[in-house]
Structure formats: C-alpha cells, structure tokens
Amino acid sequence: MDQPDIASNIAKVLLEVRAAAEKHGRDAESVTLLAVSKTKPVSAVRDAAEQGQRHFGENYLQEASEKIEALSDLELIWHFIGPIQSNKTRPIATQFSWVHSVDRSKILRRLNEHRGDDLDPLNICLQVNVSGEASKSGVAPQELAALVREAGDLSQLRLRGLMAIPAPASTFEGQYDQCMRLSECFYRCKELDPRLDTLSMGMSADLEAAIAAGSTMVRIGTAIFGARAKRS
Ligand SMILES: *Cc1c(COP(=O)(O)O)cnc(C)c1O
C-alpha cells in the first residue's frame, strides 16, 4: 500500500468539514475531528499530531495502550470507540479521556467504579443502534432514557451525548435519514439532561450527511490514514 500523505489528508478533511458546515448552516467550529488511528502505527499518529490533530480514536485496547504509552510525550486526547468487554473496563477507564461505545448499565457502573477520583470525570457517549440491525451493538432507542438517567447519578462519569455507526447507505439522502435517527434520539435525551453536547456520528463515507444532521464529532479513519488491512 502507498504511504498516505497524512498532512494533506488532514487538511482535506478539515476543508470538507468546513464546506459541509457552511453548506448546511452550521458553525464549523462546532464540529470536532476525531482521527481514528486503529491498526495504524505510532508514526502515523505522530504525523497527524504534528498537524495539530489532538483527538484520536482507537477500537482495540491492547493496540491502543501501546500507542498511548509510546506517545505519552504528546498531549493527545484518546477516545475508546470499540466494543467493550466488561473485564476490560479498568484499563479503558484509566487510559482514555472519552468512551463512545457504552451500551449497557453494567459497563457504565464499572467505568464509574474504575475511574479514580484523581482523574477528571470520564467523558461518555452512549452507543445507539439506530438501524435496528441485530448484528450491531448499541442500545435500542427506547432503552436510552434509563441509561441517561443512570449515567447522571455516577460521579466519575460525565455523560456527553450519543454515538452511532449507522448501516451504510449509498446516497446522501439515505445517509442523512440514518443520521437524523440518532439526532432525534439526541434531542430527546437532551430534554432529560440539558448538559449533553456531543453527537458522535459521521465516518469517511458519510461525513457531509452527518454534519447536515447535526454531528458535533466526526470519526474519520480511512480519509486520513488510508485504507486499513483486513484484521486477521
Ligand atoms: C473504524 C471506525 C471509524 C472510522 O471509519 P472510516 O470509515 O475509516 O473513516 C469510525 N468509527 C468507528 C466506531 C470505527 O470503528
């Protein structure tokens, strides 16, 4: 695979974010770029950090821990965005600033328990299964309210908002429709907790639709770091 030009890819993605925001009447400053570096080497993260990129997303704990350790000289903000096994909540709670993929009560309680009070509260997004696919992780929209209320009572967590990985759609309208489902869940949750400020949606293929639908954090891997090798 060719080496991706990470500096120019980041510049391109930031321009796309700005263009999408302007086109859809949003302030570009209200959209944070989360660079998804899973499967990519420490050197690629360093290249992105040199461009001023601060937020990085990882899916696999072991791999992430190694990068966090190797890059501890930089002040990066690490987001865990992968499936969470309940026996991994301690390292996740202590090594990351954000967790986007919380979809059940047990995980909320364990992250709260393991986040020491020497650290700032852990930022949390609840992952929602907006497409209703049985294979997708995420809480069903009708079960969200209970989790929002529960998170509000946990002192070491700060509930920030919602995250989804919508089913792929090939048209803008199809993507927008999927993203609006999460957006509607978000506004209902905000009535329960007005402090919520984060809508984590939009990947390389649906960035514009996600911003049109109100995303405040786009999670971009491929468009920055190039295609990923299949995980064996
Ligand atoms: C891999 C991944 C991304 C990035 O996807 P790209 O299509 O490479 O931009 C975003 N969010 C989650 C949860 C991921 O697992």
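The table below lists the values:
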read-out: Filtered residues of segment 4-18 (kept if outside any loop (DSSP other than H, G, I, E, B), exposed (fewer than 14 other Cβ atoms within 10 Å of the Cβ) and without any contact (Cβ under 8 Å) to a residue 24 or more places away in the chain); value: 8, 15
read-out: Residue match in segment 19-41 (condition: under 18 Å from residue 163 (Cα atoms), among the polar types (S, T, N, Q) and within 16 Å of the ligand (Cβ to nearest atom)); value: yes
read-out: Hits in segment 184-209 - residues which are of a type in the set (S, T, N, Q), within 9 Å of the ligand (Cβ to nearest atom) and surrounded by fewer than 23 Cβ atoms within 10 Å (Cβ to Cβ); value: 204
read-out: Residue match in segment 210-222 (condition: farther than 17 Å from residue 34 by Cβ and either away from the ligand (no atom under 13 Å from the Cβ) or touching a residue at least 24 places away in the same chain (Cβ under 8 Å) (or both)); value: yes
read-out: Residues satisfying the stated conditions in segment 14-48, i.e. under 19 Å from the mean Cα position of the chain (by Cα), under 27 Å from residue 83 (Cβ atoms) and of a type outside the set (A, V, I, L, M, F, W, C); value: 32, 37, 38, 39, 40
read-out: Residues (outside any helix (DSSP H, G or I) and either free of Cβ contacts under 8 Å to residues at least 12 places away in the same chain or surrounded by fewer than 17 Cβ atoms within 10 Å (Cβ to Cβ) (or both)) located in segment 45-70; value: 51, 52, 54, 60
read-out: Residue match in segment 100-114 (condition: polar (S, T, N, Q), modelled with pLDDT of 95 or more and assigned to a strand (DSSP E or B)); value: yes
read-out: Among residues of segment 147-171, those that are out of contact with any Ser or Thr (no Cβ under 8 Å at 6 or more places or on another chain), in contact (Cβ under 8 Å) with a residue 12 or more places away in the chain and either surrounded by fewer than 16 Cβ atoms within 10 Å (Cβ to Cβ) or not small (Gly, Ala, Ser) (or both), counted; value: 11
read-out: Per-region count, segment 27-44, residues over 17 Å from residue 8 (Cβ atoms), hydrophobic (A, V, I, L, M, F, W, C) and assigned to a helix (DSSP H, G or I); value: 2
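Residues are listed down the side, and each one gets a yes or a no for (1) closer than 22 Å to residue 80 by Cα; (2) within 16 Å of the ligand (Cβ to nearest atom); (3) not hydrophobic (A, V, I, L, M, F, W, C):
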site	(1), (2), (3)
115	yes, no, yes
123	yes, yes, yes
135	yes, yes, yes
140	yes, no, no
144	yes, no, no
152	yes, no, yes
157	yes, no, no
161	yes, yes, yes
169	no, yes, no
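The values are calculated or read from the model by the stated rules, or taken from the named source; none is laboratory data. Just so you know, these numbers come straight off a predicted model, no measurement behind them. For neighbour counting, all protein chains shown are included, and Cβ atoms are generated from backbone atoms with ideal geometry for every residue, glycine included.
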